[in-house]
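S.K.: To start, I am sharing the structure in question, which I have written as structure tokens.
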Protein chains: 2
Amino acid sequence: ELCDSLLSDDRDRPLRGARLVVSAGPTREALDPVRFISNRSSGKMGYALAAAAARAGAQVTLVSGPVALPTPPGLERIDVETAADMHAAVMALMGEADIYIGAAAVADYRPSEIAPVKLKKGRGASVIALTQNPDIVADVAALKPKPFVVGFAAETDDLENYARGKLIAKNLDMIAANWIGREDGGFDSDRNALQVYWPGGAASLAMTEKSALAEQLITLIAEHFHAKNSTKSS
Amino acid sequence: ELCDSLLSDDRDRPLRGARLVVSAGPTREALDPVRFISNRSSGKMGYALAAAAARAGAQVTLVSGPVALPTPPGLERIDVETAADMHAAVMALMGEADIYIGAAAVADYRPSEIAPVKLKKGRGASVIALTQNPDIVADVAALKPKPFVVGFAAETDDLENYARGKLIAKNLDMIAANWIGREDGGFDSDRNALQVYWPGGAASLAMTEKSALAEQLITLIAEHFHAKNSTKSS
């Protein structure tokens with residue numbers, strides 16, 4: 001059985017045999033054939049997590065928005081552009097997934113209409129109407145049975161309250177939160193710090209290289225994933 | 001005098017001594033600390049033009065929006081993010097410029113307000129109000145005296161009419177136009193084709209590598225720049 005093979009794992013490859021899906025990068029929501037709404041995600045944290053999970057022995061599928069990063073070795077990558085594309089690609093993988101890490105910066109909203117031709121100055125609307133996008137991490141966490149679900153939160157203020165609120169409201173198993181626009185971390189940076197919350201616990205991962213931070217978070221995820229599975233099995 | 005030194009130029013370096021400014025890449029217009037509106041420009045055509053102009057002997061300043069490209073050798077690069085930043089950087093260089101090539105995909109509009117904190121789902125507006133950005137190429141072409149001004153047009157339909165209309169309305173010396181979403185050219189591609197128009201003439205540059213296309217366009221620009229200057233001097 002899967003759980004037995006996971007529990008008999010060695011320390012170096014704590015996710016051996018686990019099927020893990022990571023979503024990473026931004027999404028792009030088209031306004032017309034040229035313009036789009038996006039966000040500042042470089043994809044570096046999600047790619048570092050995918051690479052660290054593969055090194056930890058997981059069978060990794062990386063669902064990636066448009067980024068300028070090479071595919072890490074030893075994993076499968078699926079490229080998507082919009083939040084709707086990413087939602088479809090992730091949901092299609094969930095029947096086979098043990099762990100889902102939602103590290104993408106998914107656009108909350110998309111333009112309600114996509115103009116088929118390039119909008120002209122003075123002719124197009126000077127207002128963009130928006131429609132809410134599907135909430136990928138919440139939809140994954142609502143599955144029965146659900147995989148072990150890790151969400152992300154990036155906030156400019158009130159970090160712990162927003163992160164803990166999201167953990168509970170979306171029924172996540174763990175959430176990794178970071179400040180936007182503080183110190184040297186985040187976005188295009190190669191460094192970051194994370195506050196990690198789960199029901200009844202928390203950990204603080206200090207500012208360091210994203211590759212090292214990813215190793216630490218994957219170790220935490222592996223511990224809690226195995227703890228949850230051994231509880232279910234007992 | 002500048003014109004004499006330019007006219008005495010050899011064939012290999014037809015822009016020797018000319019001071020040339022190229023703007024390239026997209027601009028990003030912030031909605032909040034995380035989200036922005038942008039467009040699909042990779043900056044490749046503008047960077048290829050800057051490199052070709054430097055090889056042709058011009059003293060090149062490249063004003064660049066956010067792109068994932070290395071700076072070509074032998075030129076100065078100024079990084080900007082928004083259309084307003086790019087407008088300010090370009091206008092500040094125009095007192096000293098002989099030629100301006102506006103190859104950037106400047107956002108026509110920016111959000112009317114930038115939220116100081118990250119907007120939350122269900123709390124932020126579901127409509128974005130937009131304000132028109134300054135028109136950089138038109139403002140450069142309205143200067144007296146003005147440099148030799150080359151604009152760009154990328155269109156999904158009615159290419160020649162839009163391009164010729166822009167040439168006249170904005171008082172440009174030349175405009176290079178390409179189709180969006182046809183054949184294999186444009187955007188992230190390394191290849192493109194251009195229709196080039198000037199008052200009383202046109203040229204068609206066939207689909208090829210952007211580096212080769214840039215050489216051809218720089219040769220056309222040099223011919224028309226010298227023709228215009230020799231007319232003014234006589």
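The values are calculated or read from the model by the stated rules, or taken from the named source; none is laboratory data. Quantities reported herein were computed from a predicted structural model and do not represent experimental measurements. As a convention, Cβ positions derive from the backbone with ideal geometry for all residues, glycine included, and neighbour counts pool all protein chains shown. Accessible surface is based on the protein model in full, side chains and every heavy atom, while ligands, DNA and RNA are left aside. Shrake-Rupley method; radii C 1.70, N 1.55, O 1.52, S 1.80 Å.
S.K.: Is region B:66-80 home to any residue that is among the acidic types (Asp, Glu) and under 22 Å from A:SER41 (Cα atoms)?
M.R.: So far as region B:66-80 goes, yes, one or more of its residues are among the acidic types (Asp, Glu) and under 22 Å from A:SER41 (Cα atoms).
S.K.: Which condition breaks for B:ARG77 when tested against (1) surrounded by fewer than 22 Cβ atoms within 10 Å (Cβ to Cβ); (2) modelled with pLDDT under 95?
M.R.: Exception for B:ARG77: condition (2).
S.K.: Can I ask one more? Among the residues of region A:14-52, what is the count of those that are at the interface with chain B (Cβ under 10 Å from one of its Cβ atoms) and among the β-branched types (Val, Ile, Thr)?
M.R.: Total meeting the criteria: 2.
S.K.: Starting from residues that are open to solvent by 10 Å² or more (accessible area, probe 1.4 Å) and within 17 Å of the chain's Cα centre (by Cα), keep the ones in region A:149-163 and report whichever is farthest from the other protein chains (Cβ to nearest Cβ).
M.R.: The qualifying residue farthest from the other protein chains (Cβ to nearest Cβ) is A:PHE152.
S.K.: Something else: Here is a list of conditions, (1) free of Cβ contacts under 8 Å to residues at least 60 places away in the same chain; (2) of a type in the set (Ser, Thr, Tyr); (3) closer than 30 Å to B:MET207 by Cα, and B:TYR100 meets all of them except one; can you say which number that is?
M.R.: Here B:TYR100 meets the rest and fails (1).
S.K.: Find the helices (runs of 4 or more DSSP H) located wholly in region A:80-171 whose residues include 1 or more that are within 22 Å of A:ALA48 (Cα to Cα), touching a Lys or Arg at 6+ places or on another chain (Cβ under 7 Å) and aliphatic (A, V, I, L, M), and list them.
M.R.: Passing ranges, in order: A:83-93, A:136-141.
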